[in-house]
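Below is one structure, written out as structure tokens, with a few remarks after it.
No lab work stands behind these numbers, since they all come straight from the coordinates. Predicted model only: the values in this text are computed from it and were never measured. Methodologically, a virtual Cβ is constructed for each residue, glycine included, from the backbone with ideal geometry; neighbour enumeration extends over all protein chains shown.
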Amino acid sequence: MASGPLKHQLYVIIFGTHTKAGKAFDILLIIAILASLVVLLLDSISSISNRWSSTFLYIEYTFTGLFTIEYLVRLWCSPQPKAYARSFYGIVDFLSILPTYLTLFFPSATYMGVIRLLRVLRIFRILKLVRYLQDSNILLRSMLLARRKIFIFFSTVAILVTIFGSIVYVVEGPENGFTSIPQSIYWAIVTITTVGYGDVVPQTALGKGIAALTMLLGYSILAVPTGIITAELNQEMNSHKSLVKCPNCMKAGHESDAMHCKHCGSELAEPDKRVVPVED
């Protein structure tokens, strides 16, 4: 019976920043995240790692244990654990502790702990910069909504680089550095993205003509994904659902078809009962 008030109290502290305890918790959390990243960076320096490797290992296990407990407590006290686990912060929180456990099977996975840096985004809540975080959510949703169009676009580009790579392989041949079709496709990708490393260069006149056409094509297609995302971004910014606040946690930035708050899992109000939108 006593778990009810304790559960609510932990929820207010862990998920909220309107109390002193909530602000102190988030500040301590960010300090711990930054400290764990410092240990991770120092461990990647061989001269330091050779001397302090065992100490860094114990510190990393300690941080991972603390972050694991914090993640489990978040799941326990959240009104909608599944909604939190599927949210952006829920996924980042899980990924931040996963690398250390993966090191039991893949030792090099420990450096993936830099994912914890994403958790520092919680500082937006502490400093009352939620408006900027909502803008980033709008951009993220726009990219997600455009994923099918972007997938089709990149599939088309993949076909084009395969065609151009195969043609230049036939024209240039191994004697000019194009030793295989995959090598030629690599050249086409580098050329069409206007990077131009210059490690493989056509030598014949026809090959140079193909290269020029590939470069021009690269410039012409650069604007395509920008236009797709811009259109989705404009549509998303005009979507009033993304501006609606949750009646429970008063957070905005929800998807257009959302029925529950992605932050606390509470049910969103009906269209005719919604609270006042976030003002600019």
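Remark: spin-label model distance THR179-VAL201 equals 2.0 nm, labels positioned 7 Å along the Cα→Cβ axis.
Region 183-233: percent of C-alpha pairs farther apart than 15 Å? Across region 183-233, Cα pairs with separations above 15 Å total 50 percent. For the pair LYS23 and ASN234, a Förster radius of 45 Å applied to the C-beta separation gives a FRET efficiency near 0.80, rounded to the nearest 0.05. As a size descriptor, the averaged projected area of the C-alpha convex hull of region 2-107 was calculated at 7.9 nm².
One Cα centroid belongs to region 1-62, the other to region 139-208; the line between them spans 44 Å.
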